[in-house]
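Take a look at the structure set out below.
The values are calculated or read from the model by the stated rules, or taken from the named source; none is laboratory data. Every value quoted in this text rests on a predicted model; they were computed, and no experiment measured them. Methodologically, a virtual Cβ is constructed for each residue, glycine included, from the backbone with ideal geometry; neighbour enumeration extends over all protein chains shown. Side chains are part of the model used for accessible areas, which takes the heavy atoms of the whole protein and leaves out ligands, DNA and RNA. Shrake-Rupley method; radii C 1.70, N 1.55, O 1.52, S 1.80 Å.
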Amino acid sequence: MKIKTLAAALILAPIFISSNDKYTDDEPVDLVYPYLDAVNSRWFYFSSASRPFGMVNLSPDMVIDGAWNSGYRYNEDSIKCFSHIHAWQLSGLPVMPTTGESKGHLGPKAYQSKYSHDNEKIFPGYHQVYLECYGINVELTSTTRVGFHRYTFPESEKSNILLDLGTVLGPSATKSAYIRKKSDMEIEGYALMDRTRRRPHPTYVYFVIRVDKPFEKLTGWQDGKLKNNMEELEGADIGASMQFETTGNEMIRMKVGISYVSEAQAWLNMESELDHWDFDRIVRESREEWNEKLGRIEVEGNTRQQRRRFYTDLWKALQGRRIISDFDGKYCDMTGKERRIGQIPPDVRGKPKFNHYNSDSFWGAQWTITTLWQLVYPEIAEEFVNSMVMMYEDGGLIPRGPSGGNYTYVMTGASSTPFVVGAYMKGIRGFDVEKAYDGLRKNAFKEGMMAHAGYEHFTARGGGIEEYMTLGYVPYPLSERQYGYHMDGGGQTLEYAYQDWCLAQMAKDLGKEGDYDLFMKRSGNWKNLYDEASGWIRPKSRDGNWHSPFDPYKYRSGFVESNSAQSTWYVPHDLAGLARLMGGKEKAAAKLNLSFEKASELEFTSGKAHDKETEERNRRIPINYGNQPSTQTAFVFNHISHPWLTQYWSREVVEQAFGGLSPGQGYNGDEDQGLMGSLAVLMKLGLFEMKSGNEIEPQLELGSPIFDRAIIHLNSKYFAGGKIELITHENSSKNRYIRSAKLNGIPHNSQFLNFRDLVKGARIELQMGSEADKNWGE
């Protein structure tokens, strides 16, 4: 066998010129720091060779077993494979280039390779890494539905590309698979990814693979036994190895098309999106797509590190939630008992009107992607709404976190309601409004999402919606039986009340007065859990007794992934009413300010990584910016006549919780598919929506921007104003307070801004200072 020694192979490594070397200017793509929080990655968190919301999210995997602490893990020293799907409860298609005798049948631990971050380069849409054990340089890029590989091999009689369809991969095992040789340059087949606790049905991932050089041999394996010169292989624990003879520095390119529908559709995706072999062209096109998306917001001032962190946050806001429909609009519907293939209706050009999506929960989206997408990326928000409404047509429910066409019943409540209503109120209405309303309304009753606890697939009792409607709250405990996760009546009551208020606003705008009255009445149910004696929201039992003993800082004692101290402020639609119950705005502000002072001791998070959240001291935090339930709290002060405290604490949170730039930390627990990235972007711009823009007249509000200048370029198909420009004068960490403001050159003495006025085009100027002006604002 003519393979060079490892030492000789390593000498070759520096000669490789990756696509990354051609780009040196500070375009938005170049400011992104892909390693952010990569030490703590979960399966779907890390991204590199992917388009915005791409079906393909191609990247290295160091840990392959489990939904948490898996995928790309910065501190691990070996790469096990490069897989194509990193999504909510979805995974698939691990490949690995090697040299020497094929070890595919022995599993990933046998064929993994050492690597070094010193010989790795990443930017959005591209990943390069050198496999030290094999002397192979790997480059990855993609279109939306096709992974594109370029491998530079050493001289070897046996250079291999492995496809392992027998391994556990992220959240699920591979139940069975099929591989067929189509030609000496092509293979095709499927992997049936097994069901998970969250995704109730197995999901087919169909694939087609084409290489630009004929392979000399195709070897298969099953149950650890080799099968030479294979033509076709089916069953559990199978794989295949394409073998080549390579000269020194020979490049082999490989395209991998995927579909959740069929092999024919995977071929269609490949031929439609990647009908050539120009790898560098795809890298350029991916950069252009990412630069267009990231460049919709321009920022100036502060430090380069903070600009890099900002664009990394914005990048995170545009991924994780993945396209699952094909190029022509076909998709897999798994909402019923039988798998069904659906078709997205075409537009006037014959192309699908929208994409269908896979998504983790919209629980927490009301203060994050709802605001960011609907202002900056309204076309994406509209697609997601259409995807939800189509799923309602298919399965009878608007989802709160679908996976592979399945309902997952992730988290709690009708968390999609604020997102859909927000889009409608902001004039993003390219969907069937009446059908959307019908689906949202159904979710608010015992036939809908509010009836289901987390991952409650086969019953509809754990949500406690019937008790919510009859008693005015969800009891805690609801019952002795555990129907699902997150049966936390206090938190569920608060969520339902806000979601009811949101739906009431849409009902009113649509002239549905009876529904408006019904949901407005229900939106006051949160008051039934306010305990005057303790001054906190407190769970009640079914017979109306307060939950006892009561500790407002105890985690998950009636509150969904939070405690009473955090969740008490979850009344975004009636903060004035909450303040009255607390004895007035001054007392409410003092109480919340004290919570922030206590939380600052832990830098506003229950630990800097997900595994730290289990520590008791961290869980007792009164404000937690490492998870979604209390991410609105810095802006609560705006609604109780203390806007200077919003300015102070929102800036403090940004600096302590969202200011770093390192692999070791970034989102303090769980970024959650764009939620915390979006939150960080909004807080750094100094913009927020307490009510998710669900008011009849949607309102944005001001915090403390960290940049001297920010420009939001508006999508002209939705908003005619061109841009929103936000300028600050004498801005610094110390000068975080708004002393005065102008809107389009006219003095503006309010922290609130009308959304519809802003999208007509606006210039906001803020004079900042080191001392609070308590006379500015409402």
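Scanning the range 429-480 for residues that are in contact (Cβ under 8 Å) with a residue 40 or more places away in the chain and in contact with an Asp or Glu (Cβ under 6 Å, 6 or more places away or on another chain) yields 430, 475. Modelled with pLDDT of 95 or more and more than 28 Å from residue 98 (Cβ to Cβ): is that true of residue 274 in this structure? So residue 274 does not fit the description; no. Restricting the range 699-716 to residues that are part of a strand (DSSP E or B) and not polar (S, T, N, Q) leaves a set whose member that is surrounded by the most Cβ atoms within 10 Å (Cβ to Cβ) is 702. Scanning the range 262-278 for residues that are open to solvent by 10 Å² or more (accessible area, probe 1.4 Å), part of a helix (DSSP H, G or I), of a type in the set (A, V, I, L, M) and farther than 28 Å from residue 672 by Cβ turns up at least one hit. Taking each residue of the range 756-778 that is assigned to a strand (DSSP E or B) and looking for partners that are hydroxyl-bearing (Ser, Thr, Tyr) with beta-carbon atoms closer than 7 Å, six or more apart or interchain, yields 766/728; 767/740; 768/728; 768/737; 769/737. Taken over the range 428-464, the residue count meeting the criterion of being within 25 Å of the chain's Cα centre (by Cα), in a loop (DSSP other than H, G, I, E, B) and either surrounded by 19 or more Cβ atoms within 10 Å (Cβ to Cβ) or aromatic (Phe, Trp, Tyr) (or both) is 9. Only residues that are open to solvent by 40 Å² or more (accessible area, probe 1.4 Å) and in a helix (DSSP H, G or I) were counted across the range 465-524, and they come to 13.
Of all residues in the range 618-652, those satisfying the criterion of being over 28 Å from the mean Cα position of the chain (by Cα) and either part of a loop (DSSP other than H, G, I, E, B) or of a type in the set (D, E, K, R) (or both) are 641, 642. Checked against (1) open to solvent by less than 30 Å² (accessible area, probe 1.4 Å); (2) among the hydrophobic types (A, V, I, L, M, F, W, C); (3) part of a helix (DSSP H, G or I), residue 569 passes all but a single condition, namely (3). Listed by first and then second residue, the pairs linking a residue in the range 672-689 that is within 21 Å of residue 300 (Cβ to Cβ) and assigned to a loop (DSSP other than H, G, I, E, B) to a residue that is modelled with pLDDT of 95 or more and small (Gly, Ala, Ser), with Cβ atoms under 9 Å apart and 6 or more places separating them unless they lie on different chains, are 686/650; 686/703; 686/704; 686/710.
So residue 316 fits all but one of (1) of a type in the set (Lys, Arg); (2) over 30 Å from residue 708 (Cα atoms); (3) crowded, with 20+ Cβ neighbours inside 10 Å; what number is the exception? Single failed check for residue 316: (2). On the stretch given as the range 383-399, residues that are open to solvent by 10 Å² or more (accessible area, probe 1.4 Å) and in contact (Cβ under 8 Å) with a residue 60 or more places away in the chain total 4.
If you scan the range 717-739, which residues turn out to be surrounded by fewer than 16 Cβ atoms within 10 Å (Cβ to Cβ) and more than 32 Å from the chain's Cα centre (by Cα)? Passing the criteria: 729, 730, 734. Pairing each residue of the range 50-64 that is open to solvent by 10 Å² or more (accessible area, probe 1.4 Å) with any residue that is assigned to a strand (DSSP E or B), provided the two are 6+ apart or on different chains, yields C-beta distances under 7 Å for 51/142; 63/71; 64/81; 64/169; 64/170. When restricted to residues that are open to solvent by less than 10 Å² (accessible area, probe 1.4 Å) and part of a strand (DSSP E or B), the range 65-77 contains 1. Comparison of 230, 251 shows that the only residue that is over 19 Å from residue 145 (Cβ atoms) and in a strand (DSSP E or B) is 251.
Residues are listed down the side, and each one gets a yes or a no for (1) in contact with a strand residue (DSSP E or B) (Cβ under 6 Å, 6 or more places away or on another chain); (2) assigned to a helix (DSSP H, G or I):
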| site | (1), (2) |
| --- | --- |
| 342 | yes, no |
| 348 | no, no |
| 360 | no, no |
| 375 | no, yes |
| 380 | no, yes |
| 389 | no, yes |
| 392 | no, yes |
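Screening the range 220-251 for residues that are within 21 Å of residue 107 (Cβ to Cβ) and over 38 Å from the mean Cα position of the chain (by Cα) and picking the one that is least open to solvent (accessible area, probe 1.4 Å) gives 230.
Take residue 741 and decide whether it is in a loop (DSSP other than H, G, I, E, B), closer than 27 Å to residue 575 by Cα and in contact with a strand residue (DSSP E or B) (Cβ under 8 Å, 6 or more places away or on another chain). Considered against the rule, which asks whether it is in a loop (DSSP other than H, G, I, E, B), closer than 27 Å to residue 575 by Cα and in contact with a strand residue (DSSP E or B) (Cβ under 8 Å, 6 or more places away or on another chain), residue 741 comes out as no.
Can we say residue 538 is in contact with a Phe, Trp or Tyr (Cβ under 6 Å, 6 or more places away or on another chain) and more than 24 Å from residue 638 (Cβ to Cβ)? Yes.
From the list 684, 742, the lone residue that is among the basic types (Lys, Arg) and buried (at least 17 other Cβ atoms within 10 Å of the Cβ) is 684.
For the range 211-222, the criterion of being under 19 Å from residue 43 (Cβ atoms) and either modelled with pLDDT of 95 or more or of a type in the set (S, T, N, Q) (or both) is met by none of the residues. Given the structure, is residue 129 closer than 22 Å to residue 208 by Cα and either assigned to a loop (DSSP other than H, G, I, E, B) or modelled with pLDDT of 95 or more (or both)? Criteria not met by residue 129.
Within the range 330-364, being surrounded by fewer than 16 Cβ atoms within 10 Å (Cβ to Cβ) and among the hydrophobic types (A, V, I, L, M, F, W, C) holds for 341, 348. The set of residues in the range 279-304 that are open to solvent by less than 10 Å² (accessible area, probe 1.4 Å) and more than 19 Å from residue 138 (Cα to Cα) comprises 290, 294, 297.
Just a yes or no: is a residue in the range 604-616 surrounded by fewer than 18 Cβ atoms within 10 Å (Cβ to Cβ), under 23 Å from the mean Cα position of the chain (by Cα) and not basic (Lys, Arg)? Yes, that holds for at least one residue.
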